[in-house]
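Below is one structure, written out as structure tokens, with a few remarks after it.
Each reported figure results from applying straightforward, stated rules to the coordinates on display, with no laboratory input. Quick caveat: nothing in here was measured; it's all calculated off a predicted structure. Neighbour counts are summed over all protein chains in view; Cβ atoms, including those assigned to glycine, are modelled from backbone coordinates with ideal geometry.
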Amino acid sequence: MGKTCKVVVTGAFNAGKSAFIRTISEIPVVSTERRITDDLARVKEETTVALDYGQVTIGGRMFHLFGTPGQVRFEFMWDILSKEADALLLLVDSTDRSSFTVARRILRRLRGRRRLPFLVVATKQDGRRAVPPEEIAAALGIQPPSFVVPCDARNKQSVRTVLMQLAQMVR
């Protein structure tokens, strides 16, 4: 088998991280989702509290996908899961401009320690008032804008396309 690649899949609460990993994983996903007991329960019933883990082989390369929690109170997991990472996928909810602030903070924190290859993944592009990838790139200060790619985290081919693009960036 070819090279293995540890990928951190991160982003704000409700950006689609767990769905992204569940959609593509070839093994049963290790999930730490728990029932939400605060005000965020109006958005969805469960959230990741430690990590999600899945794996997939694409083009002879094994991707180990480590999903982080999205809530700020679990942000200490970002540092733990990003140790020895080969690449970063930062998921951004295209319909929630407030998540862009969280995305900027995550990107600064995780890429500040070492320069990892990364893509910003613009999820929910089919949603009402979705911000186009080019505008997300501008809002996050991402150059070139091609580093921001649209993705339906529930669609296997869409997720596969993102990982194939990331594979071209990882040596």
Could you run the Karplus curve 6.51 cos²θ - 1.76 cosθ + 1.60 with θ = phi - 60° over segment 20-26 and give me ³J(HN,Hα) per residue in whole Hz, x for Gly and Pro? 4, 5, 4, 5, 9, 4, 8
Could you go through segment 123-138 in sequence order and give the Karplus-derived ³J(HN,Hα) for each residue, using 6.51 cos²θ - 1.76 cosθ + 1.60 with θ = phi - 60°, rounded to whole Hz, and x for Gly and Pro? 8, 6, 5, 7, x, 4, 6, 5, 7, x, x, 5, 6, 5, 4, 5
Residues in segment 116-142 near a label at Lys3, defined as backbone nitrogen under 18 Å from the 7 Å Cα→Cβ point? 116-119
Return one quarter of the surface area of the convex hull spanned by the alpha-carbon atoms of segment 83-149, equal to its mean projected area, in nm². 4.2 nm²
Using the per-residue mean of other Cβ atoms lying within 10 Å as a proxy for protection, in what order, highest first, do the peptides 146-152, 83-89 fall? 146-152, 83-89
With a Förster radius of 25 Å, plug the Cβ-Cβ distance of Arg109 and Met164 into 1/(1 + (r/R0)^6) and report the FRET value to the nearest 0.05. 0.40
